[in-house]
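Some notes on the structure that comes next.
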Amino acid sequence: MGARHRARGAHARQRPQSRPLRKAGAAYLFVLPALVAFGVFVFYPLVKTAYLGFFTSPPAPNLPSHYVGLTQYRAVLSSSDFLDSLWRTVQFVLYTVPAGIVLGIGLAMLANQRLAGIRIFRTIYSSTVATSAAVAAVIFFTLLNPQVGLLSYWLGRKGGSGVLQSSSLALPAVSVVTIWQNIGFTFILMSAALQSVPDDLLEAARVDGASSWLRFRSVTIPLLSPMIFFTTIVGVIGGFQSFGQIDILTQGGPNNHTLLLIYDLYQQAFKYDNTGYAAVLSVALFGILLLLTFMQFWFFQRRVFYAR
Amino acid sequence: MTSPPGNSTEIDSSRADFTPVTDKALAALPLERGAASSVALEGITKSYGPVTAIRDLTLEARAGEFLVLLGPSGCGKTTALRLVAGLEDPTSGTVRIGGRVVNDVDAKDRDVAMVFQSYALYPHLSVGRNIEFPLRARQVPASQRRQLVATVAESLRLEQLLDRKPAQLSGGQRQRVALARAIVRRPRAFLMDEPLSNLDAQLRVQMRAELVELHTRVDITILYVTHDQVEAMTMGQRIAILNEGVLQQLDTPEAVYRRPANAFVAGFVGSPPMNILRGRAVAEDDALWVAVPGGRVGLSPPLVRAVEDRALREVVVGLRPEALSLDPNGTIAAAVSLVELVGHEQHVALRLPGGQLVWIRMGSEAPRMRTGQDVRIAATGTVHLFDPQTGNLIEVGNE
């Protein structure tokens, strides 16, 4: 190390300016491909979207769109339609993310036991990772079908309105499907985190007189906290962007009761050709997620323990 | 305690450079006299599938005793400790703490404290919270918890470190936090699993002395596992030596050193180890000798009687390094193989004609020898006679 420092020092004395410059040039060169890709596929669309929000879409195709400045932003963001779908999205995230994490940890704890045949359960628990949102939705769509669905039968809702057709139960039902679909991913992450909790810490706590609940609360959970943090961030973002299961199960219905932000956005943009409106929703979604993520970082900062 | 020369000097040097734990704080320690309990394993066998880690082990640490479990790695000593803690269940046999059978008592209710080799400090908790944890687990009121933590922290010189995280501590400090966490709640027994093995040599000597100091001042039962015979000799009131899951000997350090139960114990305790020589009993020059590679070893009258009574033809003798000395008229020829100067003395490895190495202990003032030099050695000290079949000690003959 020392020798390298000296060598670098001697080099710098001979050609004081060129080296840092050349180094910086090389660095920019390496960053360039990523920068171009991000520029084309992320930054430009972002700016363009924000810009589109300044225009109202024409009532019929092929008519010019109108520049209205911030008026459309103000109108959309204060509309009850937007606030309703935002509230539904928040509810959806609150239903899915905490429950998903709790179930993921629970299953990981179960599968972490040293039992014969436990691998079978590990495989089953993680299997939903290999299931796409569409497949999961189709499975549950069938199960929840009012006429032939097994779940509908068990729930005593044979015939008449099914769960997905009920204004009070449709969002919880979609949430359950989402939880089910995400459980494999959470399970795998939590299992990995759980394996990194040293056995002797749990044994020490046991000898120290801690009940299994205290061991879980005071040793396991703090050591899982980085993974809980990560899963929460990813889960919240994923929750705000849920689309596939809504599209297949309810298309936002019944009566808009499962109309989440992203589905609203999709309908505005591609069904009603209301590009300006959708652009405003996009920017809003971006802002909300940015804010939420910052808030989560701030919240978890003091509560997460990172091993060195 | 009259220890053999090599070990006694080590005790003295360790005690000299050690800062005593403050008296006042120790007097205020929350440990009541009489809290210490006896710990007993009775006929314990522990198997993991086809592997037997412990075979029919019976031993007892008396209340207030410092008992060391000594043995090579894989001998079952850590398993024995975990059985007492309740972290393992015996395949058969009985575990008693304070006379009570605890086989069916969960680890958290056995009221023992364990110091792990890794210290197992909770990395996300401060030092203070670590020490407090066992009290919290037992629902001790907060005000009392604070007081106990403060007292113990003072006695182990941790007051300045209470707000630090374990990762910010040195090895010795972590060790003391682990001790503090163990001591804070007045356990019936302390179980220590190689607690000093992660420390550097100097710190180990100091912590050794601190532990002995702690034990002499507070009435605690300590079950201490180590593979280091120096630790065992210097710290234990009694030593239990295990090999391959079987108890070899349970006795005071002095007795273990002077009368090792068998050739394994003889070779394991003492550094350099006892020289075990195998030879034939021969009658020459009107006396009974043991013919070994390179010469012969004389036997004292009690040993001669023992050999004659058993009509032994093959004989195994053990000689501590201090029982052999260089002597131009010595009865064994050997060549110098290695010289280790360890400050106050020299350990010299000699190679016998058959290839076996023999260690002798010499003063540091003796002239250094060259490697390859031919020398003669004489047996001038105690000779141990072992059964050639079982390896058990038959007789110790003093010259």
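Scanning segment B:83-139 for residues that are among the polar types (S, T, N, Q) and touching a residue at least 60 places away in the same chain (Cβ under 8 Å), we see that the one that is nearest to the other protein chains (Cβ to nearest Cβ) is B:SER118.
Annotation: of all residues in segment B:263-278 being in a strand (DSSP E or B) and either basic (Lys, Arg) or surrounded by fewer than 19 Cβ atoms within 10 Å (Cβ to Cβ) (or both), the one that is nearest to the chain's Cα centre (by Cα) is B:ILE276. Against the test of being more than 25 Å from B:TYR257 (Cα to Cα), among the small types (Gly, Ala, Ser) and crowded, with 16+ Cβ neighbours inside 10 Å, the options B:GLY318, B:GLY372, B:GLY330 yield a single qualifying residue, B:GLY330. The residue that is nearest to the other protein chains (Cβ to nearest Cβ), counting only those in segment B:140-156 that are surrounded by 16 or more Cβ atoms within 10 Å (Cβ to Cβ) and in a loop (DSSP other than H, G, I, E, B), is B:VAL140. Tally the residues that are facing chain B (nearest Cβ under 7 Å) and of a type outside the set (S, T, N, Q), restricting the search to segment A:206-219. Final tally of qualifying residues: 7. Within segment B:196-227, the set of residues being closer than 14 Å to B:LEU67 by Cα and assigned to a loop (DSSP other than H, G, I, E, B) comprises B:ASP219, B:ILE220, B:THR221, B:HIS227. Exactly one residue out of A:LEU201, A:LEU223, A:LEU265, A:LEU249 is more than 24 Å from A:LEU292 (Cβ to Cβ), among the aliphatic types (A, V, I, L, M), away from every other protein chain (no Cβ under 14 Å) and surrounded by 20 or more Cβ atoms within 10 Å (Cβ to Cβ): that is A:LEU249. Which one of these is at pLDDT below 90, over 26 Å from the mean Cα position of the chain (by Cα) and either over 25 Å from B:GLY267 (Cβ atoms) or within 14 Å of chain A (Cβ to nearest Cβ) (or both): B:ALA25, B:ALA35? Criteria check complete, one pass: B:ALA25.
Yes/no matrix, rows are residues, columns are (1) over 16 Å from the mean Cα position of the chain (by Cα); (2) closer than 23 Å to B:SER73 by Cβ; (3) of a type in the set (Phe, Trp, Tyr):
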{"position": "B:LEU156", "(1), (2), (3)": "yes, no, no"}
{"position": "B:GLN175", "(1), (2), (3)": "yes, yes, no"}
{"position": "B:SER197", "(1), (2), (3)": "no, yes, no"}
{"position": "B:VAL205", "(1), (2), (3)": "no, yes, no"}
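I need the full set of residues from segment A:173-198 which are away from every other protein chain (no Cβ under 14 Å) and of a type in the set (Gly, Ala, Ser), in order please. Scanning segment A:173-198 gives A:ALA173, A:SER175, A:GLY184, A:SER191, A:ALA192.
State all residues of segment A:41-86 that are among the hydroxyl-bearing types (Ser, Thr, Tyr), assigned to a loop (DSSP other than H, G, I, E, B) and surrounded by 12 or more Cβ atoms within 10 Å (Cβ to Cβ); if no residue qualifies, say none. Across segment A:41-86, the qualifying residues are A:SER57, A:SER65, A:SER79.
Residues in segment A:103-126 that are surrounded by fewer than 13 Cβ atoms within 10 Å (Cβ to Cβ) and either touching a helix residue (DSSP H, G or I) at 6+ places or on another chain (Cβ under 6 Å) or aliphatic (A, V, I, L, M) (or both) were compared, and the one that is farthest from A:PHE230 (Cα to Cα) is A:ALA116. Residues in segment B:251-262 that are under 12 Å from the mean Cα position of the chain (by Cα) and among the polar types (S, T, N, Q): B:THR252 only.
The values are calculated or read from the model by the stated rules, or taken from the named source; none is laboratory data. The shown structure was predicted, so the numbers you read here are calculated from the model rather than taken from an experiment. Cβ atoms come from the backbone with ideal geometry, glycine included; neighbour counts cover every protein chain shown.
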